[in-house]
Amino acid sequence: MAKQPFSYNEYLDSVPVERKEAVEQVWRMVRDSMPEGYTEQISPKYLMFAADGEMYVALANQKNYISLHLVPIYVFPELKAKLDNSGKKMKGRKGCVNFLRAEELSLDIIAQVIGSCEAETYKEKMRQLRGKKKSKK
């Protein structure tokens, strides 16, 4: 018998109690901001929205922090600049932001970043970027 997909509630049950509220608040904002065309995927390791297998946004509970992977800020530099100019110094690297509490984030700016790219536009940009990497070989 095939195992049923992992559920949002099962994911939340795996998150330490002190992080649960932050995960719920941030993922609610992600869901509310998500443009049409992306599908939500849930696994024991992360919550994710993707377009035809291309990760767009993911949230993962790490050992020492929660990580919000924002691929659009890696793909579209103008969105990274918007996040950098949000007024909050957020910890992270290239395409992700690390935090322990939702208050550490500029949720309104992150919502704008997430909502800024329709799935078809995002998939096309990812195809272009992958094509450039292949041609450099």
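The values are calculated or read from the model by the stated rules, or taken from the named source; none is laboratory data. All values derive from a computational prediction rather than experimental measurement. Every residue, glycine among them, receives a Cβ derived from its backbone with ideal geometry; neighbour counts consider all protein chains shown. Only protein heavy atoms, including side chains, enter the accessible area calculation; ligands, DNA and RNA are left aside. Shrake-Rupley method; radii C 1.70, N 1.55, O 1.52, S 1.80 Å.
Numbers at a glance
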quantity	calculated
Positive-end extreme of charge dipole, the chain - chosen from ALA22, GLY53, ILE42 (charges on Cβ)	GLY53
Electrostatic dipole magnitude of the chain [Cβ: Lys, Arg +1; Asp, Glu -1; Cα centre; debye, to 20]	1040 debye
For LYS82, solvent-accessible area (1.4 Å; no DNA, RNA or ligand), Å²	90 Å²
Nearby aspartates and glutamates by direct alpha-carbon distance to LYS80 (threshold 16 angstrom, same-chain neighbours under 8 apart not counted)	ASP108
Pairwise centroid distance, computed over Cα atoms, of segment 38-53 with segment 62-92, Å	18 Å
Accessible-area composition of segment 72-137, carbon plus sulfur, in percent [1.4 Å probe]	52 percent
Probe 1.4 Å - accessible area at LEU129, Å² to nearest ten	50 Å²
Cα-based equivalent ellipsoid of segment 29-107: semi-axis lengths in Å, sorted from largest, via gyration tensor	19, 16, 11
Percentage, to the nearest whole number, of Cα pairs in the chain over 26 Å apart	24 percent
Between segment 95-117 and segment 9-34, the Cα center-to-center distance that results, in Å	13 Å
Solvent-accessible heavy-atom area per residue, rounded to whole Å², over the chain at 1.4 Å	62 Å²
The chain, relative contact order in percent, only Cα pairs under 8 angstrom and at least six apart counted	24 percent
